[in-house]
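The values are calculated or read from the model by the stated rules, or taken from the named source; none is laboratory data. As the structure is a computational prediction, the values presented were derived from the model and not from experiment. So basically every Cβ, Gly included, is an ideal-geometry build from the backbone, and we count neighbours across all protein chains shown.
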Amino acid sequence: QICELAKKNGFLTIEGDATNDEILLKAGVKSAKCIIAVTSSDSDNGFVCLSAKKLNSNLKVICRASTSEWVSKIKLAGADEVVLVYSNSAKRIVNFILRPGIVEFLDILRDEKTDLFMEEIVVTANSFLDGKRFSSWEELRKFLNVCAVIPLSKSFEGSFCTLWDSVNNVSGIPSSKDEYITCPHDKEFVLNESDKLIVIGTKSGIERINKLMIEKSELKSP
């Protein structure tokens, strides 16, 4: 039934046992970038991970686990990420109680009906960001024309994102009392290939950044 529903909605499907190498090969595991194992069986997810990594050592594997005991076992099998389902659900419930505003904000970002999106941007070689120097994170935020920029690369450790309130003309992180915590974002830096950024902005704005990243890379590549 699940396969039929997927086919009906236009998805490519292969029905079979994912712990079987032949099924993984048929699905194109050797050319895949990532595989996600989320069966209800922790042991099956572990076997899928082992088989997939054996066939493609560069493959990123994300698995589901129901207990903390299986998290370590699946990681030993080679999984890059293991999602502990029930633990994450419990954390979300706690956050609903302690940090309802944050949960609501993240839900807004996940809502397809809203025009506010969060995206991971990876600086590609020869792109319009590769090798570009900025005097501050606020300058980068304005350059990209987004609401916020969060650095992910280790080279930017100690830096902070910036939010801009055009009404109050303040740069910082909003607190619960409608005040702003000033961000130490006046340090000069250079973006390089493979640097990662989290940006929050409109869908059209983020699509524009991704498009420029590809176009500039193609234009400058020999």
Problem set entry | Residues of region 107-138 satisfying the condition of being surrounded by fewer than 17 Cβ atoms within 10 Å (Cβ to Cβ) and either out of contact with any helix residue (DSSP H, G or I) (no Cβ under 9 Å at 6 or more places or on another chain) or hydroxyl-bearing (S, T, Y) (or both) | D107, I108, L109, R110, D111, E112, K113, T114, E120, G131, R133, S135
For this session: Look at I14 and say whether it is within 30 Å of A90 (Cβ to Cβ) and not in a helix (DSSP H, G or I).
Result: no
Exercise. Does R64 qualify as being out of contact with any helix residue (DSSP H, G or I) (no Cβ under 9 Å at 6 or more places or on another chain), surrounded by 11 or more Cβ atoms within 10 Å (Cβ to Cβ) and of a type in the set (K, R)?
Worked result: no
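Answer with yes or no whether A77 is surrounded by 11 or more Cβ atoms within 10 Å (Cβ to Cβ), over 17 Å from the mean Cα position of the chain (by Cα) and within 30 Å of V199 (Cα to Cα).
Working: surrounded by 11 or more Cβ atoms within 10 Å (Cβ to Cβ): yes; over 17 Å from the mean Cα position of the chain (by Cα): yes; within 30 Å of V199 (Cα to Cα): no.
No, not satisfied.
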Exercise. Among the residues of region 180-209, which ones are exposed (fewer than 14 other Cβ atoms within 10 Å of the Cβ), over 14 Å from F143 (Cβ atoms) and either at pLDDT 85 or above or within 23 Å of the chain's Cα centre (by Cα) (or both)?
Worked result: S194, K203, S204, E207
Exercise. Taking helices (runs of 4 or more DSSP H) that do not extend beyond region 59-173, which have at least 3 residues that are at negative phi and at pLDDT 80 or above?
Worked result: 68-76, 137-144
